[in-house]
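Peer 1: Shown below is the structure under consideration.
The values are calculated or read from the model by the stated rules, or taken from the named source; none is laboratory data. Since we're looking at a predicted model, the values are computed, not measured. We place every Cβ from the backbone using ideal geometry, glycine too, and count neighbours over all the protein chains shown. With ligands, DNA and RNA removed, areas are computed over all heavy atoms of the protein, side chains included. Shrake-Rupley method; radii C 1.70, N 1.55, O 1.52, S 1.80 Å.
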Amino acid sequence: MADNAVSLKNVRFRHKGSGRWALDGVSLDVARGECVAVLGPTGSGKSTLCGVMNGTVPLFLEGDLQGDVTVDGMVPARTGTAKMAAHVGLVFGDPDMQLFGMTVEEDVAFGPANLGLDYPTIMERVRKSLIDMRLAGFERRAPYRLSGGEKQATAIAGVYAMLPDVMVLDEPTSMLDPQGKARVFSIVRRLKEDLGATVILVEQEVDDVLQLADRVFVMNAGRFVMQGTPREVFGRVAEVAAAGVRVPHVVEFGTLLGAKRVPFTLDEAVQFVESGTWRTAGSTGRTTRACSDGLQSKAAGHEGNPVNRATPREPAPGDVIIEVKGLEHRYPQGALALRGVDLIVGEGEFVAIVGQNGAGKTTLTRHLNGLLKPTAGDVRVGGRSIRDMTAAQLSRTVGYVFQNPDEQLFCNSVEEELRFGPGNVGIAGEKLSQRVEEILRDIGLERYREVWPKYLTKGERQRLALASVVAMDPAVLIVDEPTTGLDWLESLQIMDYLRSLHDDHGKTVLIITHDMNIVSLYARRVVVMAGGRVAGDGSPREVFSNPELMTMANLKPPAIAELSVRLWGRVALTPEEAVEALVHANAAREGLR
């Protein structure tokens, strides 16, 4: 390409003190105004690639950089990050790395102010950025008081307000709710189509990448292993899956039906089914689990929309273990986060708590283990009010895993982390040693027992944080955003571990998540929160079948659920389930059943 905004030629980089090349011979030309998506598993080199483009690598993350890097006509490593910031906007995957202002408004204004813009222009850009990122009204809020998703939206707004020529987005939507993700992708589209910006997008949301990117590059072990247009790359379904990238539902559905030209959109999938040229084919890789309520069951269908009700759902699996009545919580600064929450959770349930950023999900669950105390109402765990219990006492019954694993990992080795919690609740000797060995084996970290946890990958730290809580053997496990920042394979690993704890050990599991694909695969019950209240409660199929509830809570069902509703008026939760329903319906029409 003659006029490239980004040009990398045989770039190699290894971190100081490391013998492994994080980038190993990467070449990339990106034309001005082009949107390029970079996919791949955690640790494949995507974030290092982003850092090279604005000089953060190697100026801050020191190491050996080889090859040629030119961005907007400059060499980042020689130009310096301060000057490059006017040309290249970099949004980190972890928003805490780039938020430092006293207020949200101050954080968003910082970049434009350093470009030397006049005050009216700065404030107009701040206002527009806050509106576009759904942060209007948060101007005076301190960043540390924001939810994870709100922090990420603030970080994006700060870079967006600078309107750089090149936008480098390192997993910008990992902490956002579905509507927030849609807003970010609409902004990326506007930057590209209306403002002519060049966009490098590192992302796990492959469904959106199909519609947004001009070209797709798949990384693994510091190299590009696949590249081409979205249709060229995702047309090689088995290779995409083998590279650790999630195959979009619509693509997987078409592949299972033997499509020669796999569908990329819902319209294309509907047209393909209606053409009658489909046939069943082999699976694309991992077989997804259909939920137990069954697509053919009328009781599990959308009739009646039973989920939009104020009364708490009665638990089916066992006795009540958590009971929330009229719970309100007001933070010291005055914000009312919970407004009369009623909820019952039975022993042995697997519950997903969903809702937009700021809906009160984390505030609710932090009451369940005593990290927060009610302003009004009550929470009873095992029949006893938490008002009479300390967090230490509750930890024996309710284990809590934070969204950021680094907030609860502080020991000098992996094994020490696993011993710390049980040791503080009286477990010792051979019993403790046996438990630690079992858990190390279960989470696949046996060879890292003496390693400092900070040296682990994000996925490994997430597993360790969960395991350190599991080691205490609580009856209830609460996991806040278990898959945030993880690639698809790591997400499945940690969710499979949670499911084994539920299925094989009888644990009650509550997860907070924005990933509706995870909800469809693993949750048996979904609690929808909006505005500090429980807005809906039902099975995944029931919740996804209620468009009014989904819209009100700013949620979006998985693509396969939308497709199956268009085809049959009922929700399927996996591509395999949708194919089974199609075959069943076709056989019925032909009188074969």
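Peer 1: So which residues in region 190-207 are closer than 23 Å to Thr265 by Cα and either in contact (Cβ under 8 Å) with a residue 40 or more places away in the chain or under 21 Å from the mean Cα position of the chain (by Cα) (or both), if there are any at all?
Peer 2: Lys192, Val199, Ile200, Leu201, Val202, Glu203, Gln204, Glu205, Val206, Asp207 - these are the residues of region 190-207 that are closer than 23 Å to Thr265 by Cα and either in contact (Cβ under 8 Å) with a residue 40 or more places away in the chain or under 21 Å from the mean Cα position of the chain (by Cα) (or both).
Peer 1: What single numbered condition from (1) open to solvent by 30 Å² or more (accessible area, probe 1.4 Å); (2) within 30 Å of Glu407 (Cα to Cα); (3) of a type in the set (Asp, Glu) fails to hold for Asp107?
Peer 2: Result: Asp107 passes all but (1).
Peer 1: Give region 316-327 a look and list any residue that's over 14 Å from Leu368 (Cβ atoms), open to solvent by 70 Å² or more (accessible area, probe 1.4 Å) and modelled with pLDDT of 95 or more, or say none.
Peer 2: Passing the criteria: none in range.
Peer 1: Against the condition in contact with an Asp or Glu (Cβ under 8 Å, 6 or more places away or on another chain) and open to solvent by 40 Å² or more (accessible area, probe 1.4 Å), how does Thr173 come out, does it pass?
Peer 2: No: the conditions fail for Thr173.
Peer 1: Hey, among Ala578, Ala572, Ala587, which residue is open to solvent by 10 Å² or more (accessible area, probe 1.4 Å) and not in a strand (DSSP E or B)? Show your work before the answer.
Peer 2: Values: Ala578 fails: open to solvent by 10 Å² or more (accessible area, probe 1.4 Å); Ala572 fails: open to solvent by 10 Å² or more (accessible area, probe 1.4 Å).
Every option except Ala587 fails the conditions.
Peer 1: Among (1) surrounded by fewer than 21 Cβ atoms within 10 Å (Cβ to Cβ); (2) outside any helix (DSSP H, G or I), where does Arg190 come up short?
Peer 2: Answer for Arg190: the failing condition is (2).
Peer 1: Can you tell me which residues in region 76-119 are assigned to a helix (DSSP H, G or I) and small (Gly, Ala, Ser)?
Peer 2: Ala77, Ala82, Ala109, Gly111, Ala113
Peer 1: Determine which member of the set Gly101, Gly80 is surrounded by 15 or more Cβ atoms within 10 Å (Cβ to Cβ) and either in contact with a Pro (Cβ under 9 Å, 6 or more places away or on another chain) or under 23 Å from Arg12 (Cα atoms) (or both).
Peer 2: Criteria check complete, one pass: Gly101.
Peer 1: Could you list, in sequence order, the residues of region 20-77 that are modelled with pLDDT of 95 or more, among the charged types (D, E, K, R) and over 27 Å from Val206 (Cα atoms)?
Peer 2: Within region 20-77, Asp64, Asp68 meet the criteria.
Peer 1: Between Leu117, Leu135, which is closer than 28 Å to Asn4 by Cβ and either within 26 Å of the chain's Cα centre (by Cα) or crowded, with 17+ Cβ neighbours inside 10 Å (or both)? So that I can check it myself, show each step before the final result.
Peer 2: On the way: Leu135 fails: closer than 28 Å to Asn4 by Cβ.
After ruling out the rest, the residue left standing is Leu117.
Peer 1: In region 544-569, which residues are more than 18 Å from His249 (Cβ to Cβ), hydrophobic (A, V, I, L, M, F, W, C) and assigned to a helix (DSSP H, G or I)?
Peer 2: Leu549, Met552
Peer 1: Which ones in region 140-153 are open to solvent by less than 70 Å² (accessible area, probe 1.4 Å) and touching a Lys or Arg at 6+ places or on another chain (Cβ under 9 Å)?
Peer 2: Pro143, Ser147, Glu150, Ala153 - these are the residues of region 140-153 that are open to solvent by less than 70 Å² (accessible area, probe 1.4 Å) and touching a Lys or Arg at 6+ places or on another chain (Cβ under 9 Å).
Peer 1: Look at region 63-96 and say how many of its residues are among the aliphatic types (A, V, I, L, M) and touching a residue at least 40 places away in the same chain (Cβ under 8 Å).
Peer 2: Residues of region 63-96 that are among the aliphatic types (A, V, I, L, M), as a first pass: 65, 69, 71, 74-75, 77, 82, 84-86, 88, 90-91.
The next check asks that each one be touching a residue at least 40 places away in the same chain (Cβ under 8 Å); those that pass are 65, 69, 71, 85-86, 88, 90-91.
Residues in region 63-96 being among the aliphatic types (A, V, I, L, M) and touching a residue at least 40 places away in the same chain (Cβ under 8 Å): 8 in total.
Peer 1: A further question on this structure: With respect to Met552, determine if the residue is free of Cβ contacts under 8 Å to residues at least 60 places away in the same chain, under 25 Å from Glu205 (Cα atoms), in contact with a strand residue (DSSP E or B) (Cβ under 8 Å, 6 or more places away or on another chain) and hydrophobic (A, V, I, L, M, F, W, C).
Peer 2: yes
Peer 1: In addition: Confirm whether Gly180 is under 21 Å from Pro482 (Cβ atoms), touching a helix residue (DSSP H, G or I) at 6+ places or on another chain (Cβ under 7 Å) and either surrounded by fewer than 22 Cβ atoms within 10 Å (Cβ to Cβ) or of a type outside the set (Phe, Trp, Tyr) (or both).
Peer 2: yes
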